[in-house]
Structure formats: C-alpha cells, structure tokens
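Q: If you scroll down you'll find the structure; I have some questions about it.
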Amino acid sequence: MRFKNVLVIATFMIAFSIVAAGPVSAGKPAGAGGGGKGGGKPPRTSVTLVATPSTVDVGGYVVVDGAGLQANSTYYVGINSTLEWYQVPTNAEGKFSYAFPQQFNWPGTYSICVAAGATPLACTPVTVQ
C-alpha cells in the first residue's frame, strides 16, 4: 500500500511539473529575436582576412588585417605550413591588424590563417617572388 502511495505522488509531481512549465517550443530559444522583437544573438558575420601586400618580394614584410571575429578576444595568426603562431587581440569591433615580425625570405605561395585554437577560421594567400 505504501509503494502505491509513493507511485501516485511521484506521478502527480511529474504531471504537475510538466503543466507548470508550460508548453515547450522546439523553435528558437527564448530571446532569440525574430519578427522584429529584438534581443537574442547578433547576426553572424563571416571572418575575413586580408594580407597587404598579397604579393611581396623576397625579404619583404606582410601585414594582415582581420574582421568578423569576437570582440576583445585573442586569436592566433600564422603561416599555415609552419608551427609558429602569433597571438593577436581583437578590438571592440572584432578586428585586428598584425605586422609579421619576420621577413618572407623564400619564394612561393603561402597561406596565412587566423585561428581560434587549432581551428583555422579564415586564410589568405601571400605570394613571395
């Protein structure tokens, strides 16, 4: 008899919690905006990376500018074929500018990337001639 009472009370508690919580929406999370209501996450932007100059003479230097990143955060910039990556901070607009400290001494085409940890977010080619 006691087990039956516990079972009835447990069933009642579960049913009450479902009713009290109200309907569950499988759509957007609360505050996700839409329909002009505001709030929620800002629209996604794509990460852009530009190297200046994109073609450099042997012994030249390159500056990379990035945008579309999280504001006031730290990312990594590097040449995709090397293990040396440099920390770059973004400003309040999610942008950065970074001058590579070393010269580009070997002819070829390289891919400069910006990454969050080990994940490249965007890359841009640089040709050394």
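The values are calculated or read from the model by the stated rules, or taken from the named source; none is laboratory data. As the structure is a prediction and not an experimental result, all values here were calculated from the model. Counting neighbours? That spans all protein chains shown, and the Cβs are built from the backbone with ideal geometry, glycine included.
Q: Scan region 98-129 residue by residue and report those that are within 17 Å of V47 (Cβ to Cβ) and of a type in the set (F, W, Y).
A: Correct list: Y98 only.
Q: Of the residues F100, F16, F12, only one is modelled with pLDDT of 75 or more, among the aromatic types (F, W, Y) and on the phi < 0 side of the Ramachandran plot; which?
A: Answer to the check: F100.
Q: Now a separate question. Which of the residues that make up region 86-129 are over 13 Å from V56 (Cβ atoms) and part of a loop (DSSP other than H, G, I, E, B)?
A: T90, N91, A92, E93, G94, K95, P101, G117, A118
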